[in-house]
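Report on the structure given below.
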Amino acid sequence: MRPRILALDTTSEFGSLALAEGDRIVEEVLLHSPDGFAHILFDHLGRLLKRHGWRLEDVDCLAAAAGPGAFTGVRVGLAAAKGLAEAVGKPMVAVSNLQAVASFGTAALRAAVLDARRGEIYGAVYGAGLDLICPEVVMKFPAWLETLPEGELEFLSTDFSPFRPALAGTRWATVPVREAPRALAGAIARIAARRFLCGQAQDPAAVDALYVRRSDAELSWKE
C-alpha cells in the first residue's frame, strides 16, 4: 500500500505543502510568507489538490510539522491539519522539523540544527533510522556542540552559515555539513507515510505541538 499523504509546514517564514503516495512525492510547493500563513494556506492547499485531481476525502492521512519553530506558525499549521483531518475523518501524524531535516542526512549520527533566534538554536541528534539519539533542545550553539556524541556525525540545516564560524578550533571543525531544503513538507510526508503504515497515526485531537521553547507571551509573563 502507498498511502496518500497531505503534508504542510508553516513553522517559519518559509513554509511548504506536499502531496505524496508512500515515498513518492507527487508535488511539493515552497511558500514564502513573512507575515504568516493563515491568510494564504487554504488557497494554496485547494490549488494543489485540484492540480492532481485529489479530493480531501482521497487522502489517507494528514501530516504537519509540529515544531520547533515560530509559536504562531506551529499553531497555524497544526490547527489547519487537525481541522481538515477531523472534517473528513482521517488520522494525522505530527513530525518534528528537526527530524525532517535529519532525513536528508547519510551519516550514522545526524546533528540537525535550526536557527531559534535570540542567539539560540534548536538542535537534536538522530540516528540513520531517524531514531532520536539526543533530545531536541533550545540553547546556544557552542554549548550544544559540547553535548554531541562521538562517532560518525554530520551537521544538517536549512542554512548552516550562521553556525559555521563557531566550529573553528573545535573537534567539529572538519565534520561534514549537509544542507536540507527550505521546503520540508515532502520529507514530513515521507516520514508520515511510514508511521501510517506502522499504525502510528493518531486521532487529530490527540496531536500536540513540539514548541521546545515557550511562547514570547509566556516568557514575558514569567519575567
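The values are calculated or read from the model by the stated rules, or taken from the named source; none is laboratory data. Remember, predicted model here, so these are calculated numbers, not experimental data. All Cβ positions, glycine included, derive from the backbone under ideal geometry; neighbour counts span all protein chains shown. Just the protein is used for accessible areas: all its heavy atoms, side chains included, with ligands, DNA and RNA removed. Shrake-Rupley method; radii C 1.70, N 1.55, O 1.52, S 1.80 Å.
Summary table
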read-out: Values of log10 I(q)/I(0), in the order q = 0.22 Å⁻¹, for region 70-187 under a Debye, Cα-only, solvent-free model; value: -1.27
read-out: Solvent-free Debye scattering, log10 I(q)/I(0), computed from the Cα coordinates of the chain at q = 0.11, 0.14, 0.16, 0.17 Å⁻¹; value: -0.53, -0.84, -1.06, -1.17
read-out: Test item: Cα-centred dipole of the chain, Lys/Arg +1 and Asp/Glu -1 on Cβ, debye; value: 220 debye
read-out: Among 29-35, 86-92, the order from most to least packed when residues are scored by Cβ within 10 Å on average; value: 86-92, 29-35
read-out: Computed [θ] at 222 nm, deg cm²/dmol, the chain (DSSP H ≥ 4; -39,500 (n - 2.57); rounded to nearest 500); value: -8000 deg cm²/dmol
read-out: Where the chain is the region considered: accessible area per residue in Å², 1.4 Å probe; value: 47 Å²
read-out: Kyte-Doolittle mean at least -0.5, axial Cα span of 24 Å or more - DSSP H helices of the chain; value: 71-88
read-out: Proximal charge balance of V29 [Cβ under 10 Å; K/R count +1, D/E count -1]; value: 0
read-out: Leading residue at positive end of dipole, the chain (Cβ point charges), from V76, W172, G151; value: V76
read-out: Förster-model FRET efficiency, 35 Å R0, L197 and A173, C-beta, rounded to 0.05; value: 0.30
read-out: Distance (nanometres) between label positions extended 7 Å along Cα→Cβ at R47 and D131; value: 4.3 nm
read-out: Gained length - M1 relative to R164, 0.36 nm times residue gap less alpha-carbon distance; value: 54.5 nm
read-out: Exposure rank, largest accessible area first [R2, R118, R178; 1.4 Å]; value: R2, R118, R178
read-out: Alpha carbon centroid spacing (whole Å) that separates region 128-187 from region 1-74; value: 26 Å
read-out: Relative contact order for the chain, counting Cα pairs under 8 Å that sit 6 or more residues apart, in percent; value: 26 percent
